[in-house]
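Before any comments, here is the structure.
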Amino acid sequence: MAILATYRQQCSQLIFRCFVTNTVQQMSTHFVHIRARKSPYVGTKNVLRTEVSDEKVPWRLHWSEYKAREYTASKVLENPPWADDSDATKIKHFNEIDGKIDRRSYMGEYEVEEKTNRPKNPQGRTGLSGRGLLGRWGPNHAADPVVTRWAKGRKEKILEIVLISRKDSGDLALPGGMVDPAESISQAVKREFIEEALDSDANRAKHLEKLFKKANSIYKGYIDDPRNTDNAWMESEALIMHDETGELTKDLELHADAFKFEEGGAG
């Protein structure tokens, strides 16, 4: 279900673009990841991560006693089409395009453990090894559409952003998802928005073609995601699409004012 979040915007669209950029970047971190160290591991009750303090997150800090708990979800070990082989030594092209799979990271070249051939999370230790709920060893790429428009019938300028309520946690999130093999970011953004926000309604999707053509990248990088492990992690590119007149998104059936972003934070 898609909903609308509103942002009370007293100045220009530029300020809102900065706000959205900051919001997207809060999904990630240029410092120390937090969500990627939470216990128990998402979707479980008893998979506890090895405790890692902020100071010990970076790999450059020598920590000989560090031993992360090993965990890969059973549905990942069943080797579905979206998952790698459980044996990382069978993968020969980390940091490269491997057939239809892009194993490159937005963060640059990542390290690969010599003995196990497992990639090392470029953001540091998480307290859990293996892949958890993620299918790929190394980066798992996602695409996130940031769709905005001005609220109608208001004296002050209020910008609205489309969000969804996550089924697994109930958290509000951008209506994005995983990038399929050989799929471009723009294709993934369009597909995910149609699936998540429009319930795969092809007729309504046709009216949004012009909107998708306006997409601009505002973030590309690591995501501080609770599914991350030492050897598998989420990365995303977020594309913003603003409907200035509201004409392109007028047919979106959304639950307005379900969540509000005020200046300086959410409330």
Cα centroid separation - segment 136-188 against segment 204-251, whole Å: 5 Å
Reachable lysines, given that their alpha-carbon falls under 28 Å from the alpha-carbon of Lys152 and they are not under 8 places away in the same chain: Lys190, Lys206, Lys210, Lys213, Lys214, Lys250, Lys260
In nm, spacing of pseudo-spin labels at Tyr106 and Arg60 (7 Å Cα→C-beta vector): 2.3 nm
Hits among lysines - C-alpha to C-alpha of Lys120 under 27 Å, sequence gap 8 or more where chains match: Lys38, Lys45, Lys56, Lys67, Lys75, Lys90, Lys92, Lys100, Lys220
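Every number in this text was worked out from the coordinates using simple rules, so none of it is lab data. Given the structure is predicted, the values throughout are model-derived calculations rather than measurements. Cβ: placed from backbone, ideal geometry, glycine included. Neighbour counts: every protein chain shown.
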